[in-house]
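The values are calculated or read from the model by the stated rules, or taken from the named source; none is laboratory data. Keep in mind that what you see is a predicted model, and the values were worked out from it rather than measured. Counting neighbours? That spans all protein chains shown, and the Cβs are built from the backbone with ideal geometry, glycine included. To get the accessible areas, we keep the full protein, side chains included, count just its heavy atoms, and leave off ligands, DNA and RNA. Shrake-Rupley method; radii C 1.70, N 1.55, O 1.52, S 1.80 Å.
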Amino acid sequence: MSEDSGLGSPTTPGNILAIDAMGGDHGPTEVVAGVRLALRSASYQGRILLVGDKPIIERLLKEEGLRDNERIEVLHTTEVIGMHEKPVTALKQKKDSSMVRAIEMVKEGRAHAVLSQGNTGALMAGGTLRLRPMAGITRPALATVIPSRGHRFILIDAGANPDGEPLHLLHNALLGKEYACCALGIKQPRVGLLTIGTEEGKGSEKILQTHDLLKGANGVLNYCGPVEGFQLFRNEVDVVVCDGFTGNILLKSLESCFDMLKTFLKEELMANPVRQTGAFLSSGAYRAIKRELNPEEHGGAPLLGLNRLVLKAHGSSKRGYIAGAIRIAAEALKHDLTGAIRADLDKLANATPKTELK
């Protein structure tokens with residue numbers, strides 16, 4: 001497919017998702033398989049633009065039975081940004097990379113959203129520089145869905161802005177609120193500020209200032225106050241607000257803990273024939289737990305606060321996660337997530353003193 005293939009603009013009926021097919025650890029193989037899963041489950045009704053090495057992608061499309069699918073197009077590129085490359089340098093030197101070209105498709109209005117498994121820093125820098133933050137947002141933030149028992153919550157920021165200031169955290173709360181409405185279907189999400197104690201006056205100066213800002217925005221946010229780590233899995237809040245440094249540590253610690261528990265449980269259940277029999281008899285319960293805590297359904301973390309939708313998937317994501325990320329993109333486009341954020345920014349500007357919004 002050439003660049004003048006006529007993908008249309010954001011006003012074109014039907015949504016178009018540009019996918020960086022080359023950036024993940026598994027290359028385009030799992031991406032194309034994930035596209036097949038997404039289309040088969042009807043989780044995405046729009047069109048898909050796969051950006052990367054065209055001969056390889058077309059071979060994989062043939063293997064997956066998608067070669068003649070009219071909803072899929074391929075844009076050929078010759079470069080890939082590696083996971084360990086310096087973001088800004090890579091963006092400048094590899095202008096024909098799959099990531100850069102996918103972002104450009106969105107900037108030019110020929111796609112409505114972009115999804116990548118590639119270099120996180122490059123995706124955030126490329127998205128911010130080319131798609132620009134919304135008016136009123138100083139820095140974008142990564143939002144991710146955390147599974148829990150009978151409940152899921154949004155963690156924001158998950159790593160985009162490590163040294164967020166109180167104003168950035170206020171914006172994070174607004175962004176997380178709208179993402180919870182979209183991804184979790186909650187009309188009035190409960191917002192909590194992550195800290196080390198719920199008592200008034202406890203926490204760093206940044207936390208105290210943020211708490212005051214969030215209280216002042218209660219006409220826009222359903223702010224429930226500070227929350228501690230042990231409250232996150234008690235279904236007390238739907239949006240957990242923090243800076244990117246704290247959020248990224250929390251996210252990776254949770255992922256490591258889940259993996260450790262899964263491995264530990266498997267080893268102990270397989271330790272002897274008696275336990276193996278018990279495990280077999282309990283297999284239904286284990287499947288139910290797996291479904292409850294399955295992270296694949298929300299396999300993409302959106303970079304919120306930009307003028308267009310950008311989603312980041314894990315570099316190691318396999319087809320199930322890719323399909324989940326495509327579903328998230330579909331939901332965000334369907335609910336006009338960026339438009340909802342803009343509307344809340346207008347409300348926030350009217351509800352908050354202008355000196356605090358500079």
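Please find, among 37, 91, 49, the residue that is open to solvent by less than 10 Å² (accessible area, probe 1.4 Å), out of contact with any Ser or Thr (no Cβ under 7 Å at 6 or more places or on another chain), over 13 Å from residue 119 (Cα atoms) and not hydroxyl-bearing (Ser, Thr, Tyr).
Values: 37 fails: open to solvent by less than 10 Å² (accessible area, probe 1.4 Å); 91 fails: over 13 Å from residue 119 (Cα atoms).
Exactly one residue qualifies, and that residue is 49.
Are any of the residues in the stretch 160-168 in contact with a strand residue (DSSP E or B) (Cβ under 9 Å, 6 or more places away or on another chain), modelled with pLDDT of 90 or more and open to solvent by less than 20 Å² (accessible area, probe 1.4 Å)? So that I can check it myself, show each step before the final result.
Just the residues of the stretch 160-168 that are in contact with a strand residue (DSSP E or B) (Cβ under 9 Å, 6 or more places away or on another chain), to begin with: 160-161, 164, 168.
Still in the running and modelled with pLDDT of 90 or more: 168.
Still in the running and open to solvent by less than 20 Å² (accessible area, probe 1.4 Å): none.
No, every residue in the stretch 160-168 fails to be in contact with a strand residue (DSSP E or B) (Cβ under 9 Å, 6 or more places away or on another chain), modelled with pLDDT of 90 or more and open to solvent by less than 20 Å² (accessible area, probe 1.4 Å).
Matching residues to (1) among the aromatic types (Phe, Trp, Tyr); (2) over 18 Å from residue 242 (Cα atoms):
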site: 142; (1), (2): no, no
site: 160; (1), (2): no, no
site: 179; (1), (2): yes, no
site: 182; (1), (2): no, yes
site: 203; (1), (2): no, no
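Right, residue 85: surrounded by 18 or more Cβ atoms within 10 Å (Cβ to Cβ), free of Cβ contacts under 8 Å to residues at least 60 places away in the same chain and within 17 Å of residue 21 (Cα to Cα) or not? Reasoning before the result, please.
Working: surrounded by 18 or more Cβ atoms within 10 Å (Cβ to Cβ): yes; free of Cβ contacts under 8 Å to residues at least 60 places away in the same chain: yes; within 17 Å of residue 21 (Cα to Cα): no.
Judged against the criteria, residue 85 is not a match.
Scanning the stretch 169-208 for residues that are part of a loop (DSSP other than H, G, I, E, B) and among the polar types (S, T, N, Q), which turns out least open to solvent (accessible area, probe 1.4 Å)?
Narrowing the stretch 169-208 to residues part of a loop (DSSP other than H, G, I, E, B): 184-189, 195-204.
Restricting the remaining residues to those that are among the polar types (S, T, N, Q) gives 188, 195, 198, 204.
Working: 188: 125, 195: 19, 198: 63, 204: 61 Å².
If we take residues in the stretch 169-208 being part of a loop (DSSP other than H, G, I, E, B) and among the polar types (S, T, N, Q), then 195 is least open to solvent (accessible area, probe 1.4 Å).
Filter the stretch 267-289 down to residues that are open to solvent by 90 Å² or more (accessible area, probe 1.4 Å) and modelled with pLDDT of 85 or more, then give me how many there are.
Residues in the stretch 267-289 being open to solvent by 90 Å² or more (accessible area, probe 1.4 Å) and modelled with pLDDT of 85 or more: 4 in total.
State all residues of the stretch 211-266 that are over 24 Å from the mean Cα position of the chain (by Cα) and touching a residue at least 60 places away in the same chain (Cβ under 8 Å); if no residue qualifies, say none.
213, 216, 217, 219
Give the residues of the stretch 209-226 that are open to solvent by less than 50 Å² (accessible area, probe 1.4 Å), closer than 22 Å to residue 343 by Cβ and either outside any loop (DSSP other than H, G, I, E, B) or in contact with a Gly (Cβ under 7 Å, 6 or more places away or on another chain) (or both), sorted by residue number. Talk me through it step by step, then tell me what you get.
Going residue by residue through the stretch 209-226, those that are open to solvent by less than 50 Å² (accessible area, probe 1.4 Å) are 210-211, 213-214, 216-217, 220-221, 223, 225-226.
Going one step further and asking which of them are closer than 22 Å to residue 343 by Cβ, we end up with 213-214, 216-217, 220-221, 223.
Once the filter is applied, which keeps residues that are open to solvent by less than 50 Å² (accessible area, probe 1.4 Å), closer than 22 Å to residue 343 by Cβ and either outside any loop (DSSP other than H, G, I, E, B) or in contact with a Gly (Cβ under 7 Å, 6 or more places away or on another chain) (or both), the stretch 209-226 yields 213, 214, 216, 223.
Test each condition in (1) surrounded by fewer than 22 Cβ atoms within 10 Å (Cβ to Cβ); (2) part of a helix (DSSP H, G or I) for residue 138 and report the one that comes out false.
(2)
Of all residues in the stretch 27-45, how many are within 19 Å of the chain's Cα centre (by Cα) and outside any helix (DSSP H, G or I)?
Qualifying residue count for the region: 2.
If we keep just the residues of the stretch 19-34 that are more than 17 Å from residue 82 (Cβ to Cβ) and touching a Ser or Thr at 6+ places or on another chain (Cβ under 9 Å), which is surrounded by the fewest Cβ atoms within 10 Å (Cβ to Cβ)?
Quick first cut of the stretch 19-34, residues more than 17 Å from residue 82 (Cβ to Cβ) only: 19, 29-30, 32-34.
Still in the list and also touching a Ser or Thr at 6+ places or on another chain (Cβ under 9 Å): 19, 30, 34.
Working: 19: 32, 30: 23, 34: 29.
Only one residue tops the list, namely 30.
Can you find a residue that is open to solvent by 50 Å² or more (accessible area, probe 1.4 Å), closer than 22 Å to residue 185 by Cα and not in a helix (DSSP H, G or I) anywhere in the stretch 235-254?
yes
Got a sec? Which of 58, 70 is open to solvent by 60 Å² or more (accessible area, probe 1.4 Å), touching a strand residue (DSSP E or B) at 6+ places or on another chain (Cβ under 9 Å) and part of a helix (DSSP H, G or I)? Before the answer, list the steps.
Values: 70 fails: part of a helix (DSSP H, G or I).
The unique qualifying residue is 58.
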